[in-house]
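**Q** Once you've had a glance at the structure underneath, I'll fire off some questions.
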Amino acid sequence: MPSAPIHPNDDMFHGSIEHYDSVGSQMAEFGRRAAELAGDAEPRILELPCGYGRVTRKLLDHFDPGRIHVADIMVPAVDFCTSTFGVHGHYVVDPVYEFRNIESSNFDVALLGSLITHLSQVNARSVMNHFFTKLRRGGVAVVTTHGEKSREHLGGSDIYQVGDAARQHLLAAYDANEYGFVNYRADHSLEAKTVDYIGNSYGIAMIPTDWVKDVCRENELTIIEHRPGGWDNHQDVFFIRR
Ligand SMILES: C[S@@+](CC[C@H](N)C(=O)[O-])C[C@H]1O[C@@H](n2cnc3c(N)ncnc32)[C@H](O)[C@@H]1O
């Protein structure tokens with residue numbers, strides 16, 4: 001079957017189909033691993049955020065579309081995923097870090113790929129607190145952060161296009177074992193369409209492992225696996241059980 005088109009507004013596509021496919025496939029494989037850890041051969045899956053389906057299209061290699069629910073704050077992205085991949089869709093609405101219109105305790109597996117990597121500490125904490133209520137008890141989530149590997153890459157150059165002062169701020173925060181957050185520069189191009197849609201609450205975060213551990217402790221969640229740089233040799237990957 002020919003692969004589905006990449007949406008022209010998909011900020012996750014940076015020019016290489018091979019890389020786009022590889023990153024999507026890696027996250028789909030994490031979803032498969034989470035299903036294994038949850039003990040579900042046919043899990044109900046929540047993918048939040050889905051964007052324009054870089055990962056969603058690869059989830060279809062492992063799971064039935066009728067078992068997959070996707071959500072995003074960008075309405076056209078959700079619409080593209082539902083109409084192209086036949087999955088269920090949810091629009092994230094105000095309050096946008098609480099996901100009130102998505103049923104609680106309803107999912108065996110939940111994927112939080114590259115969302116808190118873009119949020120301030122207070123917003124990321126709210127996301128973590130509410131996202132995990134969507135899992136059934138015993139269900140397993142995949143959460144990604146900008147952790148050890150991001151620190152290494154950002155130490156080498158301004159890979160997130162935030163400008164030198166902001167870059168130094170992120171590095172200093174991370175090295176002090178503190179959560180760091182900055183906005184993108186006005187002229188950045190990496191995720192310009194996403195920022196245009198969402199606004200300045202969407203930037204770049206650096207997230208120490210201790211922050212993830214603290215949030216998990218507060219919410220009575222268990223970290224099962226931590227893979228530093230496990231996603232695309234870049235984002236840290238955590239498998240976390242509710
Ligand atoms: C870096 S992209 C990742 C998309 C997808 N997970 C992937 O890896 O291809 C971040 C996504 O988060 C979405 N987003 C930002 N704030 C959100 C919120 N409060 N609730 C749901 N989605 C949000 C953006 O619209 C964007 O699609």
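**Q** Pairs, please: C-beta under 6 Å, at least 6 apart or cross-chain, first residue over 11 Å from His7 (Cβ atoms) and in the range 62-85, second surrounded by fewer than 18 Cβ atoms within 10 Å (Cβ to Cβ) and hydroxyl-bearing (Ser, Thr, Tyr)?
**A** Val75/Tyr91; Val78/Tyr91
**Q** A further question on this structure: Read through the list (1) among the hydrophobic types (A, V, I, L, M, F, W, C); (2) under 21 Å from Ala77 (Cβ atoms); (3) buried (at least 22 other Cβ atoms within 10 Å of the Cβ), then give the number of the only condition that Trp231 fails.
**A** The number of the failed condition is (3).
**Q** Taking the range 192-242 only, how many residues are aliphatic (A, V, I, L, M), over 20 Å from Tyr174 (Cα atoms) and touching a strand residue (DSSP E or B) at 6+ places or on another chain (Cβ under 6 Å)?
**A** Result for the range 192-242: 4.
**Q** Now for a different question. Among the numbered criteria (1) buried (at least 22 other Cβ atoms within 10 Å of the Cβ); (2) within 15 Å of Leu115 (Cα to Cα); (3) not acidic (Asp, Glu), which one does Ser201 miss?
**A** Tallying (1) buried (at least 22 other Cβ atoms within 10 Å of the Cβ); (2) within 15 Å of Leu115 (Cα to Cα); (3) not acidic (Asp, Glu), Ser201 fails exactly one: (1).
**Q** Please determine, by comparing only the residues of the range 53-70 that are part of a helix (DSSP H, G or I) and of a type outside the set (Gly, Ala, Ser), which one is nearest to Leu115 (Cα to Cα).
**A** Within the range 53-70, the match that is nearest to Leu115 (Cα to Cα) is Thr56.
**Q** So in the range 6-28, with the set limited to residues that are away from the ligand (no atom under 12 Å from the Cβ), at negative phi and assigned to a loop (DSSP other than H, G, I, E, B), which one is surrounded by the fewest Cβ atoms within 10 Å (Cβ to Cβ)?
**A** Pro8
**Q** Now, a different point. Condition test on Ser105, is it away from the ligand (no atom under 14 Å from the Cβ), at positive phi and touching a strand residue (DSSP E or B) at 6+ places or on another chain (Cβ under 7 Å)?
**A** yes
**Q** I'm trying to understand the selection: among the residues of the range 199-232, which are within 16 Å of the ligand (Cβ to nearest atom) and among the aromatic types (Phe, Trp, Tyr)?
**A** Once the filter is applied, which keeps residues that are within 16 Å of the ligand (Cβ to nearest atom) and among the aromatic types (Phe, Trp, Tyr), the range 199-232 yields Tyr202, Trp231.
**Q** Right, here's the next one. Considering (1) within 22 Å of Met74 (Cα to Cα); (2) of a type outside the set (Asp, Glu); (3) out of contact with any Gly (no Cβ under 7 Å at 6 or more places or on another chain); (4) away from the ligand (no atom under 11 Å from the Cβ), say which one Ile45 fails and leave the rest.
**A** (3)
**Q** Taking Asp196, is it of a type in the set (Asp, Glu), farther than 30 Å from Glu103 by Cβ and either buried (at least 17 other Cβ atoms within 10 Å of the Cβ) or within 16 Å of the ligand (Cβ to nearest atom) (or both)?
**A** It is true that Asp196 is of a type in the set (Asp, Glu), farther than 30 Å from Glu103 by Cβ and either buried (at least 17 other Cβ atoms within 10 Å of the Cβ) or within 16 Å of the ligand (Cβ to nearest atom) (or both).
**Q** Also, I was wondering about something else. Which of the strands (runs of 3 or more DSSP E) contained wholly in the range 71-160 include at least 2 residues that are within 21 Å of Trp231 (Cβ to Cβ) and either touching a Cys at 6+ places or on another chain (Cβ under 9 Å) or not basic (Lys, Arg) (or both)?
**A** Result: 107-112, 135-145.
Coordinate-derived values only; no laboratory data. Quick caveat, the model's predicted, so the values are computed rather than measured. Because the Cβ atoms are built from the backbone with ideal geometry, glycine has one as well, and the counts that use them run over all protein chains shown.
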